[in-house]
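Please read the structure below before turning to the comments.
Please treat every number below as a calculation from the coordinates, not as lab data. Please read these numbers as outputs of a predicted model, since none were measured by experiment. FYI the Cβ positions are ideal-geometry reconstructions off the backbone, even for glycines, and counts take in every protein chain you see.
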Amino acid sequence: MIALTLGEIAAIVGGELVGGAADAVVDGPVEYDNRKIGPGGLFVAFAGAKVDAHDFGPKAVADGATGVLGSRAVDGVPTVVVDDPRHALGLLARAVVDRLHEAGGLTVVALTGSSGKTSTKDLVAKLLARKAPTVATPGSENNELGTPYTVLKADADTRYLVLEMGARGIGHLRYLCEIAPPDISVVTNVGVAHMGEFGSVEGIAQAKGELVEALGPSGLAVLNADDERVRAMAARTTAQVRLAGEAADAEVRATGVEPLERGRYGFTLHIAGAPDQAVSLAMAGRHAVSNALLAAAVASFAGLEPTEIAAGLGDLEGLSDRRMDVFDRADDVTVIDDSYNANPASMAAALHALVAVAGGRRKIAVLGFMAELGAYERAGHEEVGRLAAELGIDRLVAVSEQAAPILDGAAAVASWGGDSVLVTDQEAAVALLRAELRPRDVVLCKGSRYRTWAVVDALRSEDFRK
């Protein structure tokens, strides 16, 4: 974080400094996990139902923190006391963004969408880092805590701040954009993820569009040209609009998309006004083409040459954990770990990737429950099962009774020649795989957060067969 005194922080967040010197400087990490605190840092304490983090304030200061930001004073520790530490963190982050803007050179890139936003965020960040120092959202920490947490990692050298922003209701993105007003907004797609919170796809589109409404006239909206609901967001901003996709009118588009080895894809990249480039993606999955085009649109606007963008998309590795990670076991079994989270659209993309990676090998899909679908829950799971059957998945494993409608959907496809099984939990899924897997099998693991993590972790283990 940029250097600020405790007195300045107290003034910014409207708090009271208790037990410390106003001129004490915070120039280290801002953390809400006291185990990560470092010299000159600020420990943010939340009082939870089971654990009150204020109790860890003295240890955080002993480990080098300058002080604590919390909702009550901590004995013997410099504390900026506020009513709501989470809100205060947002105010502090906004002040840092404003100061970095005033100093010149900071560009805030914000991304949202029903699926693909984390992978797209990773691609954008890795491309922009080729040009200048870049700070990006770690993993999917994209809410009212994760956004300011990421912002406060920026310092005077940061030129690009790449922020994934999530929403579970109308107004959520508007609030996050008040914390970090975007200069570039990217929308990946509109689907049924979080249908339970929004109630309709139209509600989801309304909420996602808040990201482009936050742009000023000098900003840029990068919109998925292949999603009509996203395209329509062009009418909701006064900023410049750049379409990216496979549609013929997209300023950044792909043609000649073709499969490569291990589920990867290649295509010709067209950027308006620039020479065409051949791209061979490093990421697996047909959906990675869309993500790459959105990232290319941002990178080209930032001034990266098309040749550098194409080269970067071809050697980018290291996506956030549990996202389209293809690895081979010693027993010649290939695993696709896309287990971080799931909704019907991302399930469909992962199943298509399984088919592409497997080729003629046996295809096994271990699928967990998809949360937050509301009234669409049963239909969404059945839809995934039908697709799995239509794609010719050989073995379909549903994890937990909540995921059982996946099997119902598959059973409705009369032409399907595969088979399916419902297991009670992840431990049972691991036991099944241990007994059934054979060389050259390809296994996909996917589900909403944590629902298939233990399965993947077991498959990564060297003693899986024991």
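Most tightly packed first, judged by the mean number of other beta-carbon atoms within 10 Å of their residues, the peptides 458-464, 228-234 read 228-234, 458-464. For the chain, lysine pairs separated by 8 or more sequence positions, or belonging to different chains, with Cα-Cα distances below 20 Å total 12. Each distinct pair of alpha carbons in the chain adds a 1/r term; the inverse of their mean, the Kirkwood radius, is 23.5 Å. Calculate, for Asp425 and Ala3, the FRET efficiency according to 1/(1 + (r/R0)^6) with r their C-beta to C-beta distance and R0 60 Å; round to the nearest 0.05. E(calc), rounded to 0.05, equals 0.75. Taking every Cα-Cα distance in region 302-434 and sorting them into 10 Å bins starting at zero, the pair-distance distribution P(r) comes out as 11, 39, 31, 12, 6, 0 percent. A prolate overall shape is assigned to region 1-132, the ratio a/c of its alpha-carbon gyration tensor axes (a ≥ b ≥ c) being 1.5 or greater and a/b exceeding b/c.
Spatially, region 423-466 and region 360-379 are offset by 15 Å when compared through their Cα centroids.
Would any residue of region 1-22 have its amide N under 11 Å from a label point 7 Å out along Cα→Cβ of Ala103? List them or say none. Output list for this probe position: 1-4.
A protection proxy built from the mean count of other Cβ atoms within 10 Å ranks the segments 403-412, 105-114, most packed first, as 105-114, 403-412.
Normalised by residue number, the volume inside the convex hull of the Cα atoms of region 227-294 is 91 Å³ per residue.
About its Cα centre, the chain has a charge dipole of approximately 660 debye under the convention of +1 per Lys or Arg Cβ and -1 per Asp or Glu Cβ, with nothing else charged. Derived value for region 133-271: Kirkwood hydrodynamic radius 16.3 Å. Basis is the mean of 1/r over every pair of different alpha-carbon atoms. Of the peptides 147-154, 124-131, the ranking by mean beta-carbon count within 10 Å, highest at the top, reads 147-154, 124-131. Converting phi to 3J(HN,Hα) with the Karplus coefficients 6.51, -1.76 and 1.60 and the offset θ = phi - 60°, region 14-22 yields x, x, 10, 7, 10, x, x, 8, 5 Hz in sequence order, with x at every glycine or proline. Full extension of the chain segment joining Lys131 with Gln206 gains 23.6 nm, where the gain is 0.36 nm per residue of separation less the Cα-Cα distance. Starting from the Cα gyration tensor of region 70-120, take the square roots of the eigenvalues, sort them a ≥ b ≥ c, and report rounded, prolate or oblate (rounded when a/c is under 1.5, otherwise prolate if a/b is larger than b/c, else oblate). Oblate is the answer for region 70-120, as a/c is 1.5 or above yet b/c matches or exceeds a/b.
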